[in-house]
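**Q** Mind having a look at this structure? Questions to follow.
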Amino acid sequence: MGILSKLFGASRQPPTIVDAMMGICVHDPDVFIEPPSNVKQTAGEALRDAVQNGSLSPTAKVGFAVACGAMAFAESEKAAAEDLPKQLRGFMKENGLSLDDYDLRTFSEELRADLKILWAYAAKRQEKE
């Protein structure tokens, strides 16, 4: 390890490179929601805000869904949180990404009291030195 790495590298977290990311928007049933017009940009901004040193790879695959139905907000949020990792795994498989190469992680964005986006992402596993 070089001197600069010893001085500065220890405090700097390695980058979190994301190749697949999926969001599910949950909301009250009486609120009408449309998906963002640029899902990849929205996902990238959410990732940068939530994950230190996090970024989408240039070839990242991004999906987005809006939870529909007549469930109350809390029920919809719980169902989406339980389903999201499975949705991401299927999305990765469809896009030819091996689950063995990634750690799956989640976070959420509360936009209002009745509107939240749950995110799941696949971060490349860091190589051991």
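The values are calculated or read from the model by the stated rules, or taken from the named source; none is laboratory data. As the structure is a prediction and not an experimental result, all values here were calculated from the model. Glycine also receives a Cβ, built like all others from the backbone with ideal geometry; neighbour counts cover every protein chain displayed. The accessibility values were calculated without ligands, DNA or RNA, using every heavy atom of the protein model including side chains. Shrake-Rupley method; radii C 1.70, N 1.55, O 1.52, S 1.80 Å.
**Q** Filter segment 47-71 for residues that are among the small types (Gly, Ala, Ser) and over 23 Å from residue 94 (Cα atoms); which is most open to solvent (accessible area, probe 1.4 Å)?
**A** So the residue we want is 70.
**Q** Next question, about the same structure. Scan segment 74-100 for residues that are in contact (Cβ under 8 Å) with a residue 24 or more places away in the chain, farther than 14 Å from residue 60 by Cα and either open to solvent by 90 Å² or more (accessible area, probe 1.4 Å) or among the polar types (S, T, N, Q) (or both) and jot them down. Give the steps one after another, and end with the answer.
**A** Let us first name the residues in segment 74-100 that are in contact (Cβ under 8 Å) with a residue 24 or more places away in the chain, namely 76-77, 80-81, 83-85, 87-88, 91-92, 95, 97.
Next, from what is left, pick out any that are farther than 14 Å from residue 60 by Cα: 76-77, 80-81, 83-85, 87.
Correct list: 76, 87.
**Q** Determine if segment 51-69 includes at least one residue that is closer than 14 Å to residue 16 by Cβ, among the charged types (D, E, K, R), without any contact (Cβ under 8 Å) to a residue 60 or more places away in the chain and in a strand (DSSP E or B).
**A** no
**Q** Please indicate, with yes or no, whether at least one residue in segment 65-72 is out of contact with any Phe, Trp or Tyr (no Cβ under 7 Å at 6 or more places or on another chain) and at pLDDT 95 or above.
**A** No, segment 65-72 has no match at all.
**Q** Exactly one condition in (1) at pLDDT below 95; (2) surrounded by fewer than 18 Cβ atoms within 10 Å (Cβ to Cβ); (3) out of contact with any Cys (no Cβ under 9 Å at 6 or more places or on another chain); (4) over 18 Å from residue 126 (Cβ atoms) is false for residue 27; which is it?
**A** With (1) at pLDDT below 95; (2) surrounded by fewer than 18 Cβ atoms within 10 Å (Cβ to Cβ); (3) out of contact with any Cys (no Cβ under 9 Å at 6 or more places or on another chain); (4) over 18 Å from residue 126 (Cβ atoms) applied to residue 27, the lone miss is (2).
**Q** Scan segment 55-93 residue by residue and report those that are within 11 Å of the chain's Cα centre (by Cα) and under 13 Å from residue 106 (Cβ atoms).
**A** Selection gives 84, 85, 88.
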